[in-house]
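A.B. asks: If you scroll down you'll find the structure; I have some questions about it.
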Amino acid sequence: MTRVDLMALMPLIILGGGSVLVLLAGGLRPGGYLYETALALTAGALVWSAALPQEAALQGVAVNAFSRTMSVFVCASGLVGLLLAMGYNRRRGIVGEEYPATLLFALAGMWAVCASADLLMLFLGLEAFTFAFYILVAIKRGASRGGEAGLKYLLNGTLSAAVLAMGIALIYAATGTFSLKALPAIPSALPDGPLYQAGVALLIIGLAFKLSLAPAHLWTPDVYQGAPAPVTALLSTASKGVSIVAVLLVMPLAGRWAGTHDLFWGLALMSVICGNLAALLQGSIKRMLAWSSVAQMGYVALGFTAVSSGGGQAALFYAVAYAAAGLASFGAVAALSGTGERDRLEDYRGLGYRHPLAGAALAVSMFSLAGIPPTAGFMGKFAVFSAALRGGDYGLAVVAILTAVVAVYYYLRVVVMLYMQPEGKAGGAEMALTSAEAVALSVTTLVTIWLGLFPGQLLDLLGRLLSIR
Amino acid sequence: MTPSFLLTIMIFLPLSGCLLLAPVWRRPVLARSVALAVMTTELLLTLWLYASWERLGAVKTALPGYLLVADTDWIPAFGIRYVLGLDGISLLMVMLTAFSFCVALAVSWRAVEEKVGLFLALLLAMETGIMGVFLALDLALFYLFWEVMLIPMFFLIGVWGHGRRIYSAVKFFLFTLVGSLLMLLAIISLHLLHAQQTGVASFGLHELLRTQLSPGVQLWLFAAFFLAFAIKFPLFPLHTWLPDAHTDAPTAGSVILAGLLLKTGSYGLIRFGYPLFPEAAQSLTPLFYTLAVIGIVYASLVAFAQEDMKRLIAYSSIGHMGYVAIGIAAWQPVALSGSILQMANHGVTTGALFAMVGMLDERAHTREIAAFGGLWGKIPVWGFFFLLFSLTSMGVPGLNSFVGEFLILAGTVKQSPLVVALAFIGIVLPLIYMARLVQEVLFQTERRPLELADLNLREITVLSLLALVDVWVGVHPAPLLDLIHLPVQLLTGGAP
């Protein structure tokens, strides 16, 4: 390992080492500036990834333009997640070093996924950040909902890890290599075998769990509802975004099997129908957003069905758009929750006027998730549907867009609650937003609108990254 | 600065007016004046364009028939460009838009007292959206504006509306969205087909017009466009959102809904639907005629049974738009000119009627026909204007609706005498329900003792302006017909 390699790996070192550092510092000085330290470390990793064009190709890890850009995305979501958690956790009595340390560890895992060059590293990264989320989901000791959510996530997650590992093992057995670079180049005799195909199928199903694509989505509503809102914000955005990156990394080798398209076709169809219809029935905003995220990932899967016709670029753009809206919406839920969780839809009556910023953030993110211009969500849907139509999946596109109308209804319900209902009785003590929350919400909202008006640069960047990789 | 930059200014001037509102957000009186100033500037801008359209037309632009064209890159990754164009039809619509917004603001001067800053900001944002719809020549850009204008209207109905406002707002939003989302798929498909054939990725209308489409594909794509526009129009049986939305919207909302939002549907059909898919449109003409005629008769009969004045006018709106539909379906220069003129006429007249009912509602806090009577004697100025606009709505010669309807029927009679004969029934029916409305409200004896004040200066000014337009277009429509002559000839494929 040379000095250049070390420079390239620095974000991972900052995040991983920082996690240990925060853990130790918490032991020495409990209640010190732990969140601030974590913020500074994440910001450092972000700047490093963005600014230094160091590249490295080591055993299992490839730091290149693609991985650096993706890690900027990861760190940026991490920053927003930390900003949201600061006030929320203090109000809730979640003190101590565990939260920031675990979150940094999760970011380190995500970084590893983005930079992985073989299937083993990919698996390690995926499981590392999932492991961190097992802890984060149940971070509030004594909260029954949180405990239940943590256990459900753990059990389901272990199963998916097993499926993923089995898939990787089968691929290795069929081809004799883990390398993401070498696998697509193998002569065509091997990949046609049933062993390889089964491996790819299991790999995709394992990743479908991370993306909560139907029918591997059943953990999503309970976990999203039970976890603290800032954790849900990260779980639904950064973790999803990184899983999308993982799918794109394995796509070259999975794409050799024709069944991959059909598999994603089915996942997309089931997700958009199941997610959108179930979200209609929810009275809890977090459950509603959870089901809606199943549907949102269905639209991403629609992009995966058409990777050869620009679907990858579309899926990544959709991931960024969804991340901005997801962080803003769960962030607004976190910011508006006092000591108790503000979870029922009725609790949001008339709040748009009392909390203009949080209300606007929530409303804009609802419009973005619904795919109404001028928001990033519209451009994301535009990209995904263009790719799907170019790929020739007309039927699926029509079904997906009709279910999007259903989605508009339940997203509008939140907006109706915020602005068109008289304010209910004051639910708990009212408090102003902390400045950290205000920053997090305004940044994500501005990104949502900016990408809705000028998506060109990001699209070009993503297209370039995917073509050189 | 080139003159084509004016188009961008025209679209974004209202939106930037929102920034001017920020410092006076909590001071209603000042905020209203700022918004009015912005809207008036916009109106003056469009009037200046109208005054100089012949001069502008003398200079050749990139597209035939267009007075001004703007074209810049926007999202190269998708092949979307920022293309705006102003021809006679757009100019007429843009004038109508700027005028209607001034009217909408003026009539809600006192009616909206809550959250005034937000109300004005939404009005301005909506003006930007509607201006964009009438000027965009890139299908993706058009679609963007098409949806953007929904959001402020949704809030307008939902926050300041009456009755079942939330139900109406959501219904309005969902109805229009179903159609437009399918249209989005059709737009993307058309773009992809064009890219396949020429290798150029473009959403520009004038590039896509050159796409070769097989009849089957054309029919599907046209069906998607037609659905989106027919919902906005609204054609029977897709009209059910309209009475709810119109009735529950605040007066400003009703004026804009009737005056402008319905016109975006007919405008879209004229600008995009028919030119892009001529054969498919031709083959669906009988269906279009049928729906239009059913709409006229059905809406008139339903209007007759209404007890709420606003609902009655809402249904009459569906009937009037049926004529516009017939004129478009005929796709023949005279009828099409009539349709376009009628779009403007209907915007002014129905907008005025909604405004007048709104004024009455502010005073009496009811819109029930049965509550009034003898208003001619009680509030004579209101009565005078109401009678005038009702006569216009009936299509009395010398007032503007007559001109539009006459042209539509005169043009269509060559194509389909049967349709004209049936539509003629539709001319008689409004006479009946409007006469009933006028008779019950203005001339019956007083049924409920209501303390009503007559119109104030602000209201008289607004209504006089509207009446002036009605009479002027009714007596001397030639300048407007000249304005739309060239684009109509180009659209229908005749010699200019």
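A.B. asks: Quick one: 3J(HN,Hα) in Hz for the range A:15-30, Karplus 6.51/-1.76/1.60 with θ = phi - 60°, rounded, Gly and Pro as x.
C.D. replies: 5, x, x, x, 4, 5, 4, 5, 4, 5, 4, x, x, 6, 10, x
A.B. asks: Then there is this: Which cross-chain or sequence-distant (5 or more) residues have an amide H under 5 Å from the amide H of A:Asp118, H modelled 1.01 Å from N in plane?
C.D. replies: Close amide H contacts, sequence-distant or interchain: A:Leu180.
A.B. asks: What percent of all Cα-Cα pairs in the protein assembly as shown falls into each 20 Å bin, going from 0 up to the bin containing the maximum distance?
C.D. replies: Bins of 20 Å from zero give 14, 42, 31, 12, 1 percent of pairs.
A.B. asks: Starting from the Cα of B:Arg363, move 7 Å in the Cα-to-Cβ direction to define the label point; list residues of the range B:467-482 whose amide nitrogen is under 19 Å from there.
C.D. replies: Hits in the range B:467-482 for B:Arg363 at 19 Å: B:467.
A.B. asks: Would you be so kind as to identify which of B:Leu84, B:Ala104, B:Ala224 lies farthest towards the positive end of the dipole of chain B, taking Lys and Arg as +1 and Asp and Glu as -1 on Cβ and the Cα centre as origin?
C.D. replies: B:Ala104
A.B. asks: I would also like to ask the following. Going by the alpha-carbon gyration tensor, a ≥ b ≥ c the square roots of its eigenvalues, is the range A:346-469 rounded (a/c under 1.5) or, if a/c is not under 1.5, prolate (a/b greater than b/c) versus oblate?
C.D. replies: On the way: a/c = 3.74, a/b = 1.65, b/c = 2.27.
Judged from the Cα gyration tensor, the range A:346-469 comes out oblate (a/c at least 1.5, b/c at or above a/b).
A.B. asks: Between B:Gln196 and B:Phe424, how many nm apart are label points set 7 Å from Cα along the C-beta direction?
C.D. replies: Distance between the two pseudo-spin positions: 4.8 nm.
A.B. asks: As an exercise, find the ratio Rg/Rh for the range B:396-454 from alpha-carbon atoms, using the Kirkwood inverse-distance average for Rh. Intermediate values should be presented prior to the final figure.
C.D. replies: Values: Rg = 17.2 Å, Rh = 14.2 Å.
Using Cα coordinates only, the ratio equals 1.22.
A.B. asks: Could you compute Rg(Cα) / (2.2 N^0.38 Å) for the range A:114-233, with N its residue count? Please report the intermediate quantities before stating the final value.
C.D. replies: Details: Rg = 16.6 Å, N = 120, 2.2 N^0.38 = 13.6 Å.
Expressed relative to 2.2 N^0.38 Å, the Cα Rg reads 1.22.
A.B. asks: Could you put A:Trp48, A:Trp291 in order, starting from the residue whose Cβ has the fewest other Cβ atoms within 10 Å?
C.D. replies: On the way: A:Trp48 21, A:Trp291 27.
Lowest to highest Cβ neighbour count: A:Trp48, A:Trp291.
A.B. asks: Hey, got the dipole for the protein assembly as shown? About the Cα centre, +1 on K and R Cβ, -1 on D and E Cβ, debye to the nearest 20?
C.D. replies: 1000
A.B. asks: Rounded to the nearest 20 debye, what is the charge dipole size of chain A about its Cα centre when +1 sits on each Lys and Arg Cβ and -1 on each Asp and Glu Cβ? Spell out each step's value before the answer.
C.D. replies: Numbers: 26 positive and 20 negative charges, 91 e Å.
Charge dipole of chain A: 440 debye, to the nearest 20.
A.B. asks: Moving on to the next point. Largest first, please: the extent of the C-alpha atoms of the range A:259-469 along each principal axis, to the nearest Å.
C.D. replies: 54, 34, 24
A.B. asks: What average count of beta carbons from other chains do you get within 10 Å of the Cβ of residues in A:401-409? Walk me through the numbers before you get to the answer.
C.D. replies: Details: counts 5, 4, 0, 4, 9, 1, 0, 6, 4.
Counting Cβ atoms of other protein chains within 10 Å of each residue's Cβ and averaging gives 4.
A.B. asks: As I understand it, the dipole of the protein assembly as shown uses +1 on the Cβ of Lys and Arg and -1 on the Cβ of Asp and Glu, about the Cα centre. Which of B:Gly179, B:Ala140, A:Leu249 lies farthest toward its positive end?
C.D. replies: Most positive-ward Cα: A:Leu249.
A.B. asks: Mind listing the long-range amide H neighbours of A:Leu58? Cut-off is under 5 Å, sequence gap 5 or more, other chains count too, H placed in the peptide plane at 1.01 Å from N.
C.D. replies: Under 5 Å from the amide H of A:Leu58 lie the amide H atoms of A:Val63, each far enough along the sequence or on another chain.
A.B. asks: Pulled fully out, how much extra length does the chain show between A:Arg91 and A:Thr177, if you take 0.36 nm times their separation in residues and subtract their Cα-Cα distance? Write down the numbers at each step before the final one.
C.D. replies: Numbers: separation 86, 0.36 × 86 = 30.96 nm, distance 5.01 nm.
Between A:Arg91 and A:Thr177, full extension yields 25.9 nm more.
A.B. asks: By how many nm would the segment from B:Thr461 to B:Ala51 grow when fully extended, if each residue of separation counts as 0.36 nm and the alpha-carbon distance is taken off?
C.D. replies: Gain in length upon complete extension: 145.3 nm.
A.B. asks: Arranged by the count of other C-beta atoms within 10 angstrom, fewest first, what order do B:Glu127, A:Glu341 take? Don't skip to the end; give the middle numbers.
C.D. replies: Details: B:Glu127 31, A:Glu341 22.
In order of increasing Cβ crowding within 10 Å: A:Glu341, B:Glu127.
A.B. asks: Please report, to two decimal places, log10 I(q)/I(0) for chain A at q = 0.07, 0.12, 0.13 Å⁻¹ as given by the Debye formula with identical point scatterers on the Cα atoms and no solvent.
C.D. replies: Values, matching the q order: -0.32, -0.99, -1.18.
A.B. asks: Then there is this: Given the Cα-Cα distance of B:Ile294 and B:Ile9 and 0.36 nm per residue of separation, how much length would full extension add, in nm?
C.D. replies: On the way: separation 285, 0.36 × 285 = 102.60 nm, distance 4.14 nm.
Length gained between B:Ile294 and B:Ile9: 98.5 nm.
A.B. asks: What's the whole-number percent of alpha carbon pairs in the range B:5-492 lying beyond 44 angstrom?
C.D. replies: Numbers: 10489 of 118828 pairs.
Considering the range B:5-492, 9 percent of its Cα-Cα pairs are separated by more than 44 Å.
A.B. asks: With +1 on each Lys and Arg Cβ and -1 on each Asp and Glu Cβ, how big is the dipole of the range B:5-492 about its Cα centre, in debye rounded to the nearest 20? All intermediate terms of the calculation are to be shown ahead of the outcome.
C.D. replies: On the way: 25 positive and 27 negative charges, 62 e Å.
For the range B:5-492, the charge dipole is close to 300 debye.
A.B. asks: Which whole number gives the average, over all residues in B:189-197, of C-beta atoms from other chains lying within 10 Å of the residue C-beta? Walk me through the numbers before you get to the answer.
C.D. replies: Working: counts 6, 0, 3, 5, 1, 0, 1, 1, 0.
Per-residue shielding by partner chains comes out at 2.
A.B. asks: Turning to a different aspect of this structure: Sort B:His476, A:His217, B:His206 so the one with the fewest other Cβ atoms within 10 Å of its own Cβ comes first. It would help to have the intermediate numbers written out before the result.
C.D. replies: On the way: B:His476 11, A:His217 26, B:His206 17.
Ascending Cβ contact count within 10 Å gives the list B:His476, B:His206, A:His217.
A.B. asks: How many angstrom separate the Cα center of the range B:154-200 from the Cα center of the range B:397-453?
C.D. replies: With the range B:154-200 and the range B:397-453 each reduced to a Cα centre, they are spaced 32 Å.
A.B. asks: May I pose another question? What percent of all Cα-Cα pairs in the range A:260-385 falls into each 10 Å bin, going from 0 up to the bin containing the maximum distance?
C.D. replies: Percent of pairs per bin, in order: 14, 40, 31, 12, 3.
A.B. asks: Continuing with the same structure: Would you please classify the overall shape of the range B:213-359 from the alpha carbon gyration tensor, given that a ≥ b ≥ c denote the square roots of the eigenvalues, rounded means a/c under 1.5, and beyond that prolate means a/b larger than b/c while oblate covers the rest?
C.D. replies: Numbers: a/c = 2.10, a/b = 1.94, b/c = 1.08.
Cα axes put the range B:213-359 in the prolate bin.
A.B. asks: Then there is this: Of A:Lys210/A:Lys286; A:Lys152/A:Lys210; B:Lys60/B:Lys263; A:Lys181/A:Lys381; A:Lys140/A:Lys286; B:Lys263/B:Lys310, which sit over 21 Å apart, Cα to Cα?
C.D. replies: Working: A:Lys210/A:Lys286 18 Å; A:Lys152/A:Lys210 14 Å; B:Lys60/B:Lys263 28 Å; A:Lys181/A:Lys381 30 Å; A:Lys140/A:Lys286 17 Å; B:Lys263/B:Lys310 19 Å.
With Cα atoms farther than 21 Å apart: B:Lys60/B:Lys263; A:Lys181/A:Lys381.
A.B. asks: Here's a follow-up. Rg to Rh for the range B:443-489: what is it, with Cα atoms only and Rh by Kirkwood? Intermediate results must be reported in sequence, preceding the final value.
C.D. replies: Numbers: Rg = 18.6 Å, Rh = 14.3 Å.
Radius of gyration over Kirkwood radius for the range B:443-489 works out to 1.31.
A.B. asks: Debye sum, Cα scatterers, the range B:42-133, no solvent: what log₁₀ I/I(0) at q = 0.10, 0.17, 0.19, 0.22 1/Å?
C.D. replies: -0.37, -0.84, -0.95, -1.09
A.B. asks: Which ³J(HN,Hα) values in Hz, rounded to whole numbers, follow from the phi angles of the range B:104-111 under the Karplus curve 6.51 cos²θ - 1.76 cosθ + 1.60, where θ = phi - 60° and Gly and Pro get x?
C.D. replies: Each residue's phi maps through the Karplus curve to give 4, 5, 5, 6, 9, 4, 9, 5 Hz.
A.B. asks: Using the Cα centre of the protein assembly as shown as origin and beta-carbon charges of +1 (Lys, Arg) and -1 (Asp, Glu), tell me which of B:Phe233, B:Ile11, A:Ala315 is placed farthest towards the positive end of the dipole.
C.D. replies: A:Ala315
A.B. asks: Hey, what do the phi angles of the range A:242-254 turn into as Karplus ³J(HN,Hα) couplings, whole Hz, using 6.51/-1.76/1.60 and θ = phi - 60°, x for Gly and Pro?
C.D. replies: Computed from phi, the couplings for the range A:242-254 are 5, 5, 5, 4, 4, 4, 5, 5, 8, 4, x, 8, 6 Hz.
Only the coordinates and a few stated rules stand behind these numbers; no lab work does. Note that this is a predicted model, so its numbers are computed, not measured. Don't worry about glycine lacking a Cβ; one is built from the backbone with ideal geometry, like all the others, and counts go over all protein chains shown.
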